[in-house]
Amino acid sequence: METIRNFDQLTGHIINNGKVKRIAVACPHDSHSADAIKLASERGIATFTLFGDEAKMRSLGCFDNLPVTMVNEPDIDKAAALAVKAIKDGEADILMKGSINTDNILKAILNKEHGILPKGNVLSHVTVMEVPGREKLIFMSDVAVIPYPNFEQKQQMIKYVLKCCRDFGIERPKIGLIHFTEKVNPKFPNSTDYVQLVEMANKGEFGDCVLDGPIDVRTAFDEETARIKGINSPLGGDADGLIFPNIESGNVFYKTMTYFCRAEIAGVVLGAQCPVVIASRGDSRVSKYSSIALACTIS
């Protein structure tokens with residue numbers, strides 16, 4: 001397939017692919033979520049079942065004349081549980097959080113009896129970013145779910161980012177393992193983890209990809225910086241994705257890029273039975289729509 005390089009191409013790809021996804025949404029009581037659902041429905045990329053306070057949903061006015069199904073459940077935890085049940089019962093392909101807290105939806109996902117996290121799986125957040133002036137998208141993890149990933153969690157983060165890259169048509173993704181320097185130092189366990197992860201990648205344990213680290217963000221993206229610093233990185237200053245050492249560094253990068261660089265973002269949580277759209281309650285309607293489109297592409 002042709003590589004998807006921006007969010008406009010993403011929508012076109014879904015429409016051309018012709019596979020309409022079914023999305024269960026927990027509590028879309030806010031205008032941004034409602035607008036994103038309306039746009040996705042009008043563009044024909046997904047159908048929606050909405051679980052929440054029907055009076056609040058109807059008061060938004062966005063769902064009038066849309067082919068959505070509403071299930072009235074004013075209690076937010078019960079609404080989240082019903083949305084998760086729709087996934088478990090095979091009635092929906094994607095789960096989406098509306099205006100409730102992330103903790104509420106995660107509680108339903110992780111429920112030992114009724115949840116949708118397969119045994120042994122790890123939940124992790126993947127962000128896709130479109131930066132003005134850049135010719136292709138950036139894929140990165142984890143800015144929202146895993147605070148301080150251990151070695152096993154880093155492996156899963158890499159696999160999820162690689163899956164997203166490949167679903168976007170990148171046959172041999174290039175992934176940078178981010179640190180503040182390229183030097184390996186036992187005082188910084190992330191740097192030693194990165195050496196082992198690169199060795200695994202070189203043995204083919206992550207499939208066809210390029211993995212390098214420790215490396216800083218600028219060197220991962222700028223070939224001239226690597227040349228000046230005397231670093232011969234296989235990324236060639238052309239990284240497709242980034243793995244951050246902790247949620248703090250990833251989240252700071254994410255928010256800096258969206259505020260100062262006006263980057264557009266989409267995000268999804270992987271590892272559950274299905275992709276989960278967990279946009280921040282403060283994210284724009286454009287971001288929430290792009291997150292829906294992202295989930296439709298990788299589900």
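From the list Glu199, Glu171, Glu205, exactly one residue is modelled with pLDDT of 90 or more and closer than 22 Å to Met129 by Cβ. Which is it? It would help to see each step written out before you state the result.
Numbers: Glu199 fails: closer than 22 Å to Met129 by Cβ; Glu205 fails: closer than 22 Å to Met129 by Cβ.
Exactly one residue qualifies, and that residue is Glu171.
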So Glu264, is it surrounded by 13 or more Cβ atoms within 10 Å (Cβ to Cβ), among the charged types (D, E, K, R), outside the structural domain of Ala40 (by TED's automatic domain parsing) and modelled with pLDDT under 90:
no
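So which strands (runs of 3 or more DSSP E) are wholly in the stretch 9-72 and hold at least 3 residues that are at pLDDT 95 or above and aliphatic (A, V, I, L, M)? Spell out the reasoning first.
Details: elements: 21-26, 46-52, 69-72.
It comes to 21-26.
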Keeping to the stretch 185-198, report how many residues are crowded, with 16+ Cβ neighbours inside 10 Å and aliphatic (A, V, I, L, M).
2
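Residues to consider are Asp208, Asp238, Asp222; find the one that is charged (D, E, K, R), assigned by TED's automatic domain parsing to the domain that holds Arg134 and touching a residue at least 60 places away in the same chain (Cβ under 8 Å). Even if it seems obvious, please write down each step before you answer.
Values: Asp208 fails: touching a residue at least 60 places away in the same chain (Cβ under 8 Å); Asp222 fails: touching a residue at least 60 places away in the same chain (Cβ under 8 Å).
Every option except Asp238 fails the conditions.
Kindly provide the set of residues from the stretch 77-96 that are assigned to a strand (DSSP E or B) and out of contact with any strand residue (DSSP E or B) (no Cβ under 6 Å at 6 or more places or on another chain), ordered by number. Even if it seems obvious, please write down each step before you answer.
Here is the first cut: in the stretch 77-96, the residues assigned to a strand (DSSP E or B) are 94-96.
Correct list: empty.
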Taking the conditions exactly as written (surrounded by fewer than 19 Cβ atoms within 10 Å (Cβ to Cβ), in contact (Cβ under 8 Å) with a residue 12 or more places away in the chain and not assigned by TED's automatic domain parsing to the domain that holds Glu152), does Val286 satisfy them or not?
yes
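To keep it simple, each residue is scored yes or no on (1) in contact with a strand residue (DSSP E or B) (Cβ under 8 Å, 6 or more places away or on another chain); (2) closer than 17 Å to Lys97 by Cβ; (3) without any contact (Cβ under 8 Å) to a residue 60 or more places away in the chain.
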| site | (1), (2), (3) |
| --- | --- |
| Thr3 | no, no, no |
| His13 | no, no, no |
| Ala34 | no, yes, yes |
| Asp64 | no, no, yes |
| Thr69 | yes, no, yes |
| Asp75 | no, yes, yes |
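Please determine whether any residue of the stretch 117-132 is closer than 23 Å to His32 by Cβ, assigned to a helix (DSSP H, G or I), within 21 Å of the chain's Cα centre (by Cα) and in contact (Cβ under 8 Å) with a residue 24 or more places away in the chain. Steps first, answer last, please.
Step one: of the stretch 117-132, the residues closer than 23 Å to His32 by Cβ are 125-132.
From what's left, assigned to a helix (DSSP H, G or I): none.
No: the stretch 117-132 contains no residue that is closer than 23 Å to His32 by Cβ, assigned to a helix (DSSP H, G or I), within 21 Å of the chain's Cα centre (by Cα) and in contact (Cβ under 8 Å) with a residue 24 or more places away in the chain.
The values are calculated or read from the model by the stated rules, or taken from the named source; none is laboratory data. Note that the coordinates shown come from a computational prediction; the quantities given were computed from them, not determined experimentally. Cβ: placed from backbone, ideal geometry, glycine included. Neighbour counts: every protein chain shown.
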